[in-house]
Amino acid sequence: MTTIKDTSKKYNLHSWSAQKALNPIVVSKAEGIYFWDEDGNKYYDMSAQLVNSNLGHGNKALIGAIKDQAEKLPFIGPAYAIDVRSEAARKIVEFAGPAFEGGKVFFTNAGAEANENALKMCKAFTGRWKFLSMYNSYHGSTFGASELTGEPRRFPAEPGVPGFYHFEGPYPYRAPKQVVFKDEADVTEYYLARLEERITQEGPKLIAGIFVETVVGSNGVLAPPAGYLKGVKALCEKYGILLACDEVMAGFYRTGTKFAFQQFDVKPDIVTFAKGSTCGYVPLGGVIVKKEIAEFFEENKMWNGLTYSAHPMGCAVACAAIDEYERLGIADNVAKVGKVLGELLDELTVKHVSIGQARHIGLFAQVELVKDRATKEPLDAAAMAKIIGMLKQEGFATYNNENGVMVSPPLIITEEELRAALVIFDRILDSVDTMIRG
């Protein structure tokens, strides 16, 4: 008998994988922070799928919004004004706060498209053609977003779109051996100097925008040191460059606030978003632009368009999601349970020799695993694949990027659920410690 898994492997091309080696879990249902496979095994969803299922699985309000919109008007082209399209735009711009008063939003289908369209807006507004982004970043897998991406996932897209250059973003744990930081201010000063050097090298008058993940996501959950983003904005203002904050993963309360930039005393010119806007129930992304950019496009044609831009179903779910974040008190839950997550991960770091560093902000965390704490040598791909498999075997579902394990559950998780999940993580780390000791 042909199984679901057999059919999937025969006809589906799965992301980021050599297809022959795949052994996908067949999921039968999901609820809250859990999902179940076809054999009835239960999994804690400890990466919120791809750090997007912020409100968990089976949220009735989001499902209801889909049903209601499907009955009313499942699709109409983006040239038309409709109620949910207008309301979603208003809610998103207001969600971004005072920094975007008078601004507007252009809706896309996902995060990569959001960054792709933000690039075009930057070029149009500034008349320039170069872009800077961090090496330790991921911005998507379309051609422009791939070039923005600094880590190895950009390699298959190269040689790609011209005009993309990278700089060393804050990652003090992996700073050059000869660099010693006295304090956080020293970290900020060092990395801002690296950025300004890069701006100078590439010609300030040629640079349209600097793109940063406000909090770097899959490449480490790297929160910027105090004053860093404010310093980046100051450099942008000094040289007439736009600052775009990629909040595709960090937005929608993942770090504790509506958007992560709101924690760092900075006003970006552009914010891109996606995942948490609909929590994966339907696709949606977007680009929020400040007032001056919105006004520029009043008289200048905006050469951006998508068949499914501001799709009614996506807009309906975004409206419902914003209401649900408020109704469920997600900001308070992230503050409360996020504090517990940080404490537990710090305890695990002390206990386990395999942890090089655990980084966390809100309910956004990554645990970096190493062979040796002294040398910081990362665990290799084979070891990481084995560890992720061991975790899933015990019901702790997550993913890794390089030697980092994501610990970023749905934002509805309770303290009790979190503690139970981390008991599994602790137990697997015991085995990892034994593994690296020989």
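The values are calculated or read from the model by the stated rules, or taken from the named source; none is laboratory data. For clarity, every value in this text was computed on a predicted model and none was experimentally measured. Positions of Cβ are generated from backbone atoms using ideal geometry, with glycine treated the same way; all protein chains shown enter the neighbour counts.
Structural remarks
- Selection within the range 25-44 - of a type outside the set (Val, Ile, Thr) and more than 23 Å from the chain's Cα centre (by Cα): 28, 29, 36, 37, 38, 39, 40, 41, 42
- If you go through the range 166-204 and keep only what is more than 16 Å from residue 137 (Cα to Cα) and assigned to a loop (DSSP other than H, G, I, E, B), you end up with 176, 177, 178, 179, 180, 181, 182, 183, 203.
- Wholly enclosed helices (runs of 4 or more DSSP H) of the range 45-123 bearing at least 3 residues within 16 Å of the chain's Cα centre (by Cα) and not small (Gly, Ala, Ser): 48-51
- Residue match in the range 206-225 (condition: charged (D, E, K, R), surrounded by fewer than 20 Cβ atoms within 10 Å (Cβ to Cβ) and either under 11 Å from the mean Cα position of the chain (by Cα) or closer than 30 Å to residue 345 by Cα (or both)): no
- As for the range 47-56, it holds no residue that is farther than 25 Å from residue 405 by Cα and crowded, with 16+ Cβ neighbours inside 10 Å.
- Sub-6 Å Cβ pairs linking a first residue in the range 191-206 that is farther than 25 Å from residue 180 by Cα to a second residue that is of a type outside the set (Ser, Thr, Tyr), at least 6 apart or interchain, are 202/130; 206/128; 206/130, ordered by first then second residue.
- Residues being assigned to a loop (DSSP other than H, G, I, E, B) and more than 16 Å from residue 116 (Cβ to Cβ) - total across the range 131-165: 6
- Restricting the range 223-237 to residues that are small (Gly, Ala, Ser) and part of a loop (DSSP other than H, G, I, E, B), the residue that is nearest to residue 311 (Cα to Cα): 223
- Any pair with Cβ under 9 angstrom, 6 or more apart, that starts in the range 336-358 at a residue that is at negative phi and ends at one that is in a loop (DSSP other than H, G, I, E, B) and surrounded by fewer than 17 Cβ atoms within 10 Å (Cβ to Cβ): 337/414; 353/373; 354/373; 355/373; 356/373; 356/376; 357/376
Residue by residue, here is whether (1) surrounded by 15 or more Cβ atoms within 10 Å (Cβ to Cβ); (2) assigned to a helix (DSSP H, G or I) holds:
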residue	(1), (2)
345	yes, yes
348	yes, yes
357	yes, no
366	yes, no
370	yes, no
375	no, no
382	no, yes
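- If you go through the range 235-275 and pick out every residue that is among the polar types (S, T, N, Q) and under 11 Å from the mean Cα position of the chain (by Cα), you end up with 2.
- Some residue of the range 181-204 being under 30 Å from residue 400 (Cβ atoms), touching a Lys or Arg at 6+ places or on another chain (Cβ under 8 Å) and not hydrophobic (A, V, I, L, M, F, W, C): no
Matching residues to (1) assigned by TED's automatic domain parsing to the domain that holds residue 307; (2) not β-branched (Val, Ile, Thr):
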position: 43; (1), (2): no, yes
position: 68; (1), (2): yes, yes
position: 71; (1), (2): yes, yes
position: 77; (1), (2): yes, yes
position: 84; (1), (2): yes, no
position: 91; (1), (2): yes, yes
